[in-house]
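Each reported figure results from applying straightforward, stated rules to the coordinates on display, with no laboratory input. None of the values given here were measured: they were computed from a predicted structure. Ideal geometry is used to build each Cβ from the backbone, glycine not excepted, and the neighbour counts take in all protein chains shown.
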Amino acid sequence: MIEVDELTKRYGPTTAVKGLTFTVRPGRVTGFLGPNGAGKSTTLRLMLGLHTPTGGTVTVDGRPFRDRPRGLRHVGALLDAAEVHPGRSAAAHLAALARSNRIPRSRVTEVIEEVGLAAAARRRIGAYSLGMRQRLGIAGALLGDPPVLLFDEPLNGLDPEGVRWVRGLFGELAAQGRTVLVSSHLMSEMEHTADDLVVIGRGELIAAESLSAFAARGGGGGVTVRTDEGERLAALLTADGATVRAEGGLLTVTGTDAGRVAELALDHRILLGELTTRTASLEDAFMRLTADRVEYTAGENR
């Protein structure tokens, strides 16, 4: 579990993180979202003790990460896939990490095979593609078999097969009871991957809740109905507590579900030509709730 309490980080006059408070729970994949410049990377570095907070605290399983003498056994992290020596091989890089954290050498072979780099384990990292470096970074995070894992933009450079593999990996890790925090700007992937979301903007907390609850804020959910008796059905739905908007021959209904719409139509012998449930959009909710927290906006004259 990761617990963040009133976490603040200032760099001179600039406040990168301001009073963040949230909890990342085990057994779930938590997406960490925010516009560019929101403070996501700074927050991850504060979690790992790479930066010192100006105020507040962040603990991993009840202790600051800096208090862990063999860190990789407690927290695995991928922050930047490029931060490796290009002249080393993947096997040598991971072996060095294993030695410094008293992790058995056999574990190096296991994680190399798990991330699909067995055939390239002896090649120099400088010759790796970005996708291969991402796989190596994930191997490093998994090396100590830790209960807590942090990933910053882990899907960059991965091909479709790699994206599907990573998506499944995160789900497996959470199913094992681990705490998994994934920072990403890819809304579509978060919809497929995350159970919960923490969303920040300009260093401040916007939301910390389930993905479904956050997506519902976008206003994109509801039911679409087509019928020749739209006015009559709209009156029945409104009396039942729903909100109805008529556009042409369609009714857009919120505040109820498709089952209740069908039930009312059947009870009053109203023939339906179409009844469709519309899914709330994570992207719509994100854009709506972070609109005033975006540091750089395309198309604006400043």
- [ ] Using the Cα centre as the reference, give the magnitude of the dipole from point charges on the C-beta atoms of the chain (Lys, Arg: +1; Asp, Glu: -1; all else neutral), rounded to the nearest 20 debye.
- [x] 1780 debye
TODO: Would you work out which of Val115, Trp165, Met1 lies farthest towards the positive end of the dipole of the chain? Charges go on Cβ: Lys and Arg +1, Asp and Glu -1.
DONE: Val115
TODO: Quick one: among His51, His268, His192, which has the greatest mean-square fluctuation in a GNM of the chain with alpha-carbon springs under 10 angstrom?
DONE: His268
Task: Ile206 long-range amide H proximity, modeled H, under 5 Å - done: Val199, Ile200, Gly201
Open item on the list: I need the calculated FRET efficiency for the pair Ser210 and Gln176, taking r as the beta carbon distance and R₀ as 35 Å, to the nearest 0.05.
Closed with: 0.95
Open item on the list: How would Asp152, Asp228 line up from fewest to most surrounding beta-carbon atoms within 10 angstrom?
Closed with: Asp228, Asp152
- [ ] Would you calculate the separation in nanometres between label points at Thr238 and Glu274, each defined as 7 Å from the Cα along the Cα-to-beta-carbon direction?
- [x] 2.2 nm
Task: Global size of region 11-93 as Cα Rg and Dmax, reported in angstrom - done: 14.9, 43
Task: Positive-end extreme of charge dipole, the chain - chosen from Ala139, Ile206, Ser100 (charges on Cβ) - done: Ser100
Task: Beta bridge orientation in the chain: antiparallel %, DSSP, nearest 5 - done: 65 percent
TODO: Could you line up Ile206, Ile138 from fewest to most neighbouring Cβ atoms inside 10 Å?
DONE: Ile206, Ile138
- [ ] Run the dipole for region 1-60 about the Cα centre, Lys and Arg Cβ at +1, Asp and Glu Cβ at -1, nothing else charged, and hand back the magnitude in debye, nearest 20.
- [x] 160 debye
Task: Label-point separation, Asp159 to Arg124 (7 Å along Cα→Cβ), nm - done: 2.4 nm
TODO: Set the Förster radius R0 to 22 Å, insert the Cβ-Cβ distance between Thr52 and Thr21 as r into 1/(1 + (r/R0)^6), and round the FRET efficiency to 0.05.
DONE: 0.75
Task: Order of Glu114, Glu274 - criterion: other Cβ atoms within 10 Å of each residue's Cβ, fewest first - done: Glu274, Glu114
Open item on the list: If I model a spin label at Arg288 and Arg73 as a point 7 Å from the Cα along the Cα→Cβ vector, what separation in nanometres do I get?
Closed with: 4.8 nm
Open item on the list: At 20 °C and a viscosity of 1.002 mPa s, what translational diffusion coefficient does Stokes-Einstein give for the chain, taking Rh as the Kirkwood radius over Cα pairs? Give it in µm²/s as a whole number.
Closed with: 99 µm²/s
